[in-house]
Amino acid sequence: MSVLTAPIDVEKIRAQFPVLHQLVNGKPLVYFDNAATNQKPQRVIDALTHYYQHDNANIHRGIHTLAERATKAYEATRLSMQNFIHARHSEEIIFTRGVTESINLVAASYGRTFLHAGDEVIISGLEHHSNIVPWQLICEERKARIKVIPVTESGELDLDAYRKLLTGKPKVVAVNHASNSLGTINPVKEIIKLAHEAGAVVLIDGAQASAHLPIDVQELDCDFYCISSHKMFGPTGTGILYGKRELLEKMPPYMGGGEMIKEVTFTKTTYNDLPYKFEAGTPNIGDVVALNEAVNFINELGKDNIVAYEHELLVYAVEKLSAIKGVKLIGTAKKKVSVQSFAIEGIHHFDIGQMLDTRGIAVRTGHHCTQPLMDRLGIEGTVRASFSVYNTKAEIDQLAEGVERIIKFLK
Ligand code: PMP
């Protein structure tokens, strides 16, 4: 696959995102809620429309032309995602509704088979609720225990504490590649290596990495990797679970229904081969097809270019926000994706978010589905600005100016 690596031309990129060109509350939209979901380029929207206008049919079982076209387009995305994360085999790519479903699939299927009473599952204090609750559910059922890697004040994982936890010989380690609340990039390669030495399998929640960091599952040697399409310029409602083939083969189906079977009788059912064993029912075909264009969009920009440009945005935002008296930055890890949380002493984060919205600036406020992390930091929530490759330094200036005005107005 040829990947263009042209430097970032932000105006050219912005021109591809129709949603960015609008007024919100009378002001040009500044979209800084990219960690929640990022915007979609026209080519992704066109791919979705094209699919429904020309190719819509149910996949795999049909022999008519439309069914063949839809199947081909759906399977083409599987190959793109395989390349995108450098998986060894295409059948290691399973389409799901996104990261939440991918983690639930592993927790339910792997967990129900391989977790036993007294076993341990290690997660981290930086996790999204999606990488906490599925493990709690299965651990409760299997009478297994959850252990948590502690988080330092700057928002990094305490690796010494992790090493100690590994002496308990956990069965599973599940951590994110990057934190949605603080932006911390976790040393996943090291985490995986140490976990394997202790005999555990490792799941990486890649929700905040797919649009921002290079991903090579073979190099990482992770056992499972989870991605949501909507956080990488693709449609909502789809994503993938990557799993090593030898593990997926040992795992029972997560859901039963059409497509995941070979033969059904009332007494016994045999299951389909990978990846279809885990894709019961009619999948989200249109959105999977459109996801392919999102992958093309990222590949054409080049991950290294994206990383460099977004890092520049982050450094600029840190410089601007930290210069404002009364602003406290939350999450100051050495390695971060382009996410900056902050607080203003004496002003509730919801009020800040609302007031920024009146200036057309979209940020996220609250606990960001990481309540245990907020508890650890002794706060209720933050204001979070998260940047994408279509954002500009001028927009960060607008954020900083907005924050300064709020402080002046409310204090
Ligand atoms: N993990 C992380 C780190 C996330 O940021 C998110 C989304 N905010 C999720 C998991 C859940 O992803 P989804 O809602 O797309 O399933």
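Tabulated data for the structure shown
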{"item": "Test: residue in region 32-48 that is more than 30 Å from Ala87 (Cα to Cα) and surrounded by 17 or more Cβ atoms within 10 Å (Cβ to Cβ)", "result": "yes"}
{"item": "Residue identified as of a type outside the set (Phe, Trp, Tyr), more than 16 Å from the ligand (Cβ to nearest atom) and in the same structural domain as Asp119 (by TED's automatic domain parsing) among Gly206, Gly243", "result": "Gly243"}
{"item": "Condition check for Ile330: open to solvent by 10 Å² or more (accessible area, probe 1.4 Å) and modelled with pLDDT under 95", "result": "no"}
{"item": "Pair list, Cβ < 9 Å and 6+ apart or interchain, from region 344-359 residues that are at pLDDT 95 or above to residues that are open to solvent by 70 Å² or more (accessible area, probe 1.4 Å) and of a type in the set (Phe, Trp, Tyr)", "result": "Met355/Phe409"}
{"item": "Flag for Leu115 being touching a helix residue (DSSP H, G or I) at 6+ places or on another chain (Cβ under 6 Å) and either open to solvent by less than 10 Å² (accessible area, probe 1.4 Å) or within 14 Å of Tyr225 (Cβ to Cβ) (or both)", "result": "yes"}
{"item": "Matching option when the condition is surrounded by 21 or more Cβ atoms within 10 Å (Cβ to Cβ) and not assigned by TED's automatic domain parsing to the domain that holds Ser181, among Phe342, Phe350", "result": "Phe342"}
{"item": "Meets criteria (in the same structural domain as Cys222 (by TED's automatic domain parsing), in a helix (DSSP H, G or I) and surrounded by fewer than 23 Cβ atoms within 10 Å (Cβ to Cβ)) for Ala107", "result": "no"}
{"item": "Residue count for region 209-227, restricted to those that are under 27 Å from Gln39 (Cα atoms) and either open to solvent by less than 10 Å² (accessible area, probe 1.4 Å) or basic (Lys, Arg) (or both)", "result": "9"}
{"item": "Extreme residue, farthest from Pro252 (Cα to Cα), among residues of region 118-152 that are more than 16 Å from the ligand (Cβ to nearest atom) and open to solvent by less than 20 Å² (accessible area, probe 1.4 Å)", "result": "Ile122"}
{"item": "Of the criteria (1) buried (at least 22 other Cβ atoms within 10 Å of the Cβ); (2) over 30 Å from Tyr52 (Cα atoms); (3) touching a Phe, Trp or Tyr at 6+ places or on another chain (Cβ under 7 Å), which one Ile93 fails", "result": "(2)"}
{"item": "Qualifying residue in region 313-322 (condition: closer than 25 Å to Arg112 by Cβ, among the small types (Gly, Ala, Ser) and either within 16 Å of the ligand (Cβ to nearest atom) or buried (at least 17 other Cβ atoms within 10 Å of the Cβ) (or both))", "result": "no"}
{"item": "Residue list for region 183-208, filter: buried (at least 23 other Cβ atoms within 10 Å of the Cβ) and within 14 Å of the chain's Cα centre (by Cα)", "result": "Gly183, Thr184, Asn186, Leu203, Ile204, Asp205, Gly206, Ala207, Gln208"}
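The values are calculated or read from the model by the stated rules, or taken from the named source; none is laboratory data. None of these values were measured; they are calculated from a predicted model. Virtual Cβ from ideal backbone geometry, glycine too; neighbours counted across all protein chains shown. Heads up: the accessible areas ignore ligands, DNA and RNA and are worked out on the full protein's heavy atoms, side chains in. Shrake-Rupley method; radii C 1.70, N 1.55, O 1.52, S 1.80 Å.
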